[in-house]
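One structure is given here, and the rest of the page talks about it.
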Amino acid sequence: MAQLGQFALALAFVVTAYSIVASLVGIRFKNDKLIDSGRNAAVGAFVCVTTTFVCLAYLFIVSDFSINYVAQHSNRDLPLYFKISAIWGGQEGSLLFWGWILTVYSALVVIQNWRKHSAMMPYVTAVLMSTSLFFTSMHLFVANPFNQIVTVQASGARVPFVPADGEGLNPLLQYILNAIHPPIMYLGLVGFAVPFAFAVAAMLSRQLGDTWIRTTRRWTMVAWFFLGTAILLGGKWAYVELGWGGFWGWDPVENASLMPWLIGTAFLHSVMVQEKKGMLKVWNMVLIIMTYIMCIFGTFLTRSGVVSSVHAFAQSSIGGYFAAYIVVALSGALYLLFDRLPYLKSENQMESLVSRESSFMFNNLILLAACFAVFWGTMFPVISEAVKGVKITVSAPFFNKVNVPIAILLMFLTGVGPLLAWRKASTNSLKRNFLWPAGIALAAGAGLFIRGVGRPVLKAPEEVGQSILQKVLGYSFTSSFYALGALVVSVFVAVTVIREFYKGAKARSSGTGENFLEAVVNLTLRNTRRYGGYVAHLGFVLLFIGWAGQAFTTDTSSEAAIGDTIAMRQYVLRVDKLGVEDTPNYSSQKASVSLFEDGRKVAVLYPERRVYKASNQPTTEVSIWSTLKEDVYVVFAGGTRDGKKAIIQVYYNPLVMWVWIGGIVLGLGTLIALLPNKKAVSRKRPRADQSEERKEAEAKV
């Protein structure tokens, strides 16, 4: 099976190279047969790489430890579902999986769009296959997953060797979400290659209208949806598996997935301006180029070893190849962009700063500012070492200090943008649209402030920080102050979203005779892009509420014997039992802890500490009591030296549940936006005394 996989991999390299050559030569000489041959070769590349991937999966399932990659990342007692996920648990397999997903996207794109965009599609094929050729080259020549284990005898002869068992999958990856998190991540990162390919094809073919944007809108949203879902699943994995009490630590590889998502978010908003007004054509090209490059850059960070991360693979020479590819791809795309600037002139100009166009532009700038801040903080250790010879690590406080205010401003624009009119918003419309949301948000903020949320910490003049605002006001902004700001803005955005649904549904109900619930559903299905976007914005509101709760976390650690208690706010934890468990895959120490809230028993938690036999690596398995209000997060950190007590760590994390709920709502909004619009139904004639507000609401439908 290894030989078949190796042959399919070599054949994929040949077929992919042929697809590029056939497509470009066919375009040059206007030879339809060559162009069709290049298209068919792209589908053939998918077949070849699929065969390669299936062969590797078979080797993992049967535990063929003659293959070095299998021996390094699996063992006989590993459960089957972890053997499958072990395929992408290391360098070679994850790279192959990346390349396979790319061929899946490529085959789907050429099959779906070939007859629709015949002038662009040969270029699209060539661009996608060029990316695929790079990855196939990596699979075949640099990180081959089918290399066999050999021993070198005294005579110098290389003899195949098969170990009795493998080293096993990294214990941190032996979590059920790991079976789906990396595939979803790759579906997101790789998916942005499709709009990038269409953008380059549009420039090469000089078809620089909005056809390429309309064609790739759903592809872009699919990639954005998968990438965002993967980021949240990664946060859930970190929360449950790493045992540190949090879900986002600004780890370099976490940042690597966030950066393309931020730019992709800017692109999804910016393209609406081009579709509606014929503006920002150059800007949109820059955004999609940078999104694609950041996807490759994230893959480079994971594999180069230039930054330290719990997610990253070991340092290897593969990073140099990725760096070279990034330079070539970015240089080629930017050269093409500058060469096509005369064809990318805007059809209209921005008329007012108080308009929907300007709000989208500000939204874009803030997203790019956030991306740059994350990029700078991630790469600063590398930059400082190159400049000063000393690696200076940038930790979470830097990212929070810079990005939290940016995020609050971005959230504010999320509520403002959809309520502004195109071209120029009138004073009356601003009052009508913003008076109630702003009033309710300020009232909510006042109520929270009275309850003690976000109150400033008074300090002596010499203790006040260096910012101008702090010097003027004489107090320090605490994390709870920013939490208050986040909650106020969240209320503002939530009210604007709910109000838009209410106004539109009310107008529709009056015009069609539908009940209010039917009107909401049909209103959404009539304009899925607009109202799916509103649902996604509501998901961001819930995410912000969950993030704001992190300003109020507390934790404690205690050595506890059986019967001892640990107090944490209104909770008391009692250690009831300490025991051990042994399985073929791991052995563990486990505690049984009763949780009492205000004297009432609400749960029994079972934190444990495992040692995996194949790798002899320890891990913590946390136990969590979750409610809509808070999480009680319990970690068994090990036993004391005398073995009589357990070291128990307890974290009190408010509002974490809203992060996961917000992620679900965000995903639901994205899926709604992907649906085609429902056809219009006949309406009753509207009344003659229809109000201005009703007319505006119906116009938005």
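The values are calculated or read from the model by the stated rules, or taken from the named source; none is laboratory data. Source: prediction; values computed, not measured. Here the Cβ is made from the backbone with ideal geometry for all residues, glycine too, and neighbour counts use every protein chain on show.
Structural remarks
- Residue within region 339-348 that is surrounded by fewer than 16 Cβ atoms within 10 Å (Cβ to Cβ) and either among the acidic types (D, E) or modelled with pLDDT of 95 or more (or both) present: yes
- Where A324 falls short, out of the listed (1) under 30 Å from K276 (Cα atoms); (2) modelled with pLDDT of 90 or more; (3) among the small types (G, A, S): (1)
- Residue within region 271-278 that is surrounded by 19 or more Cβ atoms within 10 Å (Cβ to Cβ) and of a type in the set (K, R) present: yes
- Evaluation of F297 against (1) part of a helix (DSSP H, G or I); (2) at pLDDT below 90; (3) crowded, with 20+ Cβ neighbours inside 10 Å (one fails), failing number: (2)
- Of the residues making up region 511-557, those that are within 30 Å of G639 (Cα to Cα) and modelled with pLDDT of 90 or more are T553, T554, D555, T556, S557.
- The helices (runs of 4 or more DSSP H) found entirely in region 387-497 that carry 2 or more residues being over 16 Å from W547 (Cα atoms), modelled with pLDDT under 85 and under 33 Å from the mean Cα position of the chain (by Cα) are 427-450.
- Qualifying residue in region 228-237 (condition: in contact with a Ser or Thr (Cβ under 7 Å, 6 or more places away or on another chain), within 21 Å of Y325 (Cβ to Cβ) and in the same structural domain as Y343 (by TED's automatic domain parsing)): no
- Residues considered: I566, I562. Of these, the only one that is within 19 Å of Q649 (Cβ to Cβ), more than 33 Å from the chain's Cα centre (by Cα) and in a loop (DSSP other than H, G, I, E, B) is I562.
- Residues satisfying the stated conditions in region 15-56, i.e. out of contact with any helix residue (DSSP H, G or I) (no Cβ under 9 Å at 6 or more places or on another chain) and not charged (D, E, K, R): F29
- Residues (at pLDDT below 90, touching a Phe, Trp or Tyr at 6+ places or on another chain (Cβ under 8 Å) and part of a loop (DSSP other than H, G, I, E, B)) located in region 593-633: K613
- Of all the criteria given as (1) within 30 Å of V488 (Cα to Cα); (2) assigned by TED's automatic domain parsing to the domain that holds V650; (3) touching a Phe, Trp or Tyr at 6+ places or on another chain (Cβ under 7 Å), the one not satisfied by I545 is (2).
- Residue check, S331 modelled with pLDDT of 90 or more, surrounded by fewer than 18 Cβ atoms within 10 Å (Cβ to Cβ), assigned by TED's automatic domain parsing to the domain that holds S205 and polar (S, T, N, Q): yes
- Selection over region 130-175 of residues that are part of a helix (DSSP H, G or I) and surrounded by 13 or more Cβ atoms within 10 Å (Cβ to Cβ) gives a count of 15.
- Failed criterion for T211 (all others in (1) modelled with pLDDT of 95 or more; (2) among the hydroxyl-bearing types (S, T, Y); (3) assigned by TED's automatic domain parsing to the domain that holds V253 hold): (1)
- Qualifying helices (runs of 4 or more DSSP H) (wholly inside region 176-243; at least 1 residues being of a type in the set (D, E)): 211-241
- Tally, over region 638-659, of residues that are more than 27 Å from I231 (Cα to Cα) and not acidic (D, E): 10
- Top-ranked residue in region 349-364 [being over 31 Å from the mean Cα position of the chain (by Cα) and either over 19 Å from N433 (Cα atoms) or among the acidic types (D, E) (or both); ranked as surrounded by the fewest Cβ atoms within 10 Å (Cβ to Cβ)]: Q349
- Check on A42, in contact (Cβ under 8 Å) with a residue 60 or more places away in the chain, surrounded by 23 or more Cβ atoms within 10 Å (Cβ to Cβ) and touching a Cys at 6+ places or on another chain (Cβ under 6 Å): no
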